[in-house]
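The values are calculated or read from the model by the stated rules, or taken from the named source; none is laboratory data. Values in this document were obtained by computation on a predicted structure and should not be read as measured data. Cβ placement follows ideal geometry from the backbone for every residue including glycine, while neighbour counts extend to all protein chains displayed. Heads up: the accessible areas ignore ligands, DNA and RNA and are worked out on the full protein's heavy atoms, side chains in. Shrake-Rupley method; radii C 1.70, N 1.55, O 1.52, S 1.80 Å.
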Amino acid sequence: MSFNLQGYFFSIFTEHFFEPIGLKHTVKIDAPEDYVYLIYSLLIGGGLLALSLAFVGSAMFTKQPLVKSLFAVALVVMLFGGYSYIIIEHVGVGRYNPPDTMLLIPMEEKLLLRFFALALFPASAVMLFVAYLKLKEREV
C-alpha cells in the first residue's frame, strides 16, 4: 500500500505514468472476467475474517488464546456441519427443488459467490465489535 501511495504521489509531480501493483498482479486466477472480482473479494474477506477471529480469541481468552479460539471455531463449524447434514439428508431438504423465482435463495453460482463475498465483511465487522465490547468490559 505504501508503494502505491508513493507512486501516485510521484506521478503528480512528474510526467511518468504509474502502474500500481495489487493483488490482481500477484495472484492470477483463471476464471471468467466477471468472477475474478468476486473471487478476490472472497479471498480478502476470508483473510479479514480469519484475522478478526484471531483478535476476538485473544480478547476473549487469557491463557492460550490461539488454541482456545481455534477449538471454539472448529467446534462451531462441526456443529453447523452436523446440523446441515441432518437437515439435508435425514429431514429431506436435499430433495426439495425450489422454484427459480425465489429471491432469498441464490440459484446461480455467481449469486452464491456474491452472497458469501458480501457476508464475510459484515461478519468481520461483528467480530471486531464483539472484541471491542470484550476489551471495554475488561477495562472497567
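With respect to LYS68, is the statement that it is under 28 Å from MET127 (Cα atoms), in a helix (DSSP H, G or I), of a type in the set (D, E, K, R) and at pLDDT below 70 true?
No; evaluated as a whole, the condition is false for this residue.
Given the structure, is LYS24 at pLDDT below 70, basic (Lys, Arg) and part of a helix (DSSP H, G or I)?
Criteria met by LYS24.
Would you please list the contacts, defined by Cβ atoms under 6 Å and residues six or more apart or on different chains, that run from a residue in segment 106-134 that is at pLDDT below 85 to a residue that is open to solvent by 90 Å² or more (accessible area, probe 1.4 Å)?
PRO106/PHE115; MET107/ASP100
Show the residue pairs that are 6+ apart or on different chains and have beta-carbon atoms under 7 Å apart, the first residue being within segment 30-41 and touching a residue at least 60 places away in the same chain (Cβ under 8 Å), the second being not in a helix (DSSP H, G or I).
Close Cβ pairs (under 7 Å, with a partner that is not in a helix (DSSP H, G or I)) amount to ILE39/ILE29; ILE39/ALA31.
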